[in-house]
Amino acid sequence: MIRVLPTIRTPVSRTARGFVLLEALLAVAIFAIGVLSLGRCISQGLGAERFKMEDARARRVLQNRYEEIEGRSVSLKDATVELDAPNKGLTLKQKVQPLHKRDEKGRELDKLAVVTLTVEWVSDAVTESRSLTFYATVP
């Protein structure tokens, strides 16, 4: 025959129960702060990734226009263009200034110009821009 011993319960005082409740509330508060911090980190990471993609798109637009100018498929004059899809929302500004320089013999270099390309876009209600400046020969 198996003999079962009675369990002895020690009474838990009211203050001990209060401390358990306080510990539980403190643990929940610490957990909530951790979850909110993690959410903020994820939000900032997504924002940085979006900005990186927008910046890469703007740099591609600048590179494409540079290649068009070098290939002479675009005229070399001041222009502002609102781009269509897939670059909708970007504005390309092209500014051309003649370069007033002389060579070593003192002759005017009249076939050179300084070209500045600028791409602007709005990201999170802030206007962002990237620019590229280079020399080009005037046809």
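The values are calculated or read from the model by the stated rules, or taken from the named source; none is laboratory data. Because the structure is predicted, anything quoted here is derived from the model rather than measured. Backbone-built Cβ (ideal geometry, glycine too); neighbour counts: all protein chains shown.
Within segment 110-122, residues that are touching a residue at least 40 places away in the same chain (Cβ under 8 Å) and over 9 Å from GLN97 (Cα atoms) reach partners that are loosely packed, with under 14 Cβ neighbours inside 10 Å and among the β-branched types (Val, Ile, Thr) with beta carbons closer than 8 Å, at six or more positions or on different chains, in the pairs LEU117/THR133; TRP121/THR127. Examine segment 87-99 for a residue that is free of Cβ contacts under 8 Å to residues at least 24 places away in the same chain, charged (D, E, K, R), assigned to a strand (DSSP E or B) and surrounded by 10 or more Cβ atoms within 10 Å (Cβ to Cβ), and state whether such a residue exists. Yes, because at least one residue in segment 87-99 is free of Cβ contacts under 8 Å to residues at least 24 places away in the same chain, charged (D, E, K, R), assigned to a strand (DSSP E or B) and surrounded by 10 or more Cβ atoms within 10 Å (Cβ to Cβ).
What residue, among those in segment 51-75 that are of a type in the set (Ser, Thr, Tyr) and more than 14 Å from TYR135 (Cα to Cα), is surrounded by the most Cβ atoms within 10 Å (Cβ to Cβ)? Quick ask: steps written out before the conclusion?
In the first step, residues of segment 51-75 are kept if they are of a type in the set (Ser, Thr, Tyr); the result is 66, 73, 75.
Filter again for more than 14 Å from TYR135 (Cα to Cα), leaving 73, 75.
Details: SER73: 8, SER75: 11.
Among them, the one singled out is SER75.
Return yes when LYS95 is more than 30 Å from TYR135 (Cβ to Cβ), at pLDDT 90 or above and either touching a strand residue (DSSP E or B) at 6+ places or on another chain (Cβ under 9 Å) or among the basic types (Lys, Arg) (or both) and no when it is not. So that I can check it myself, show each step before the final result.
Working: more than 30 Å from TYR135 (Cβ to Cβ): no; at pLDDT 90 or above: yes; either touching a strand residue (DSSP E or B) at 6+ places or on another chain (Cβ under 9 Å) or among the basic types (Lys, Arg) (or both): yes.
No, not satisfied.
Put simply, of ILE2, ILE30, ILE8 the only residue that is more than 18 Å from ARG130 (Cα to Cα), hydrophobic (A, V, I, L, M, F, W, C), loosely packed, with under 13 Cβ neighbours inside 10 Å and modelled with pLDDT of 95 or more is ILE30.
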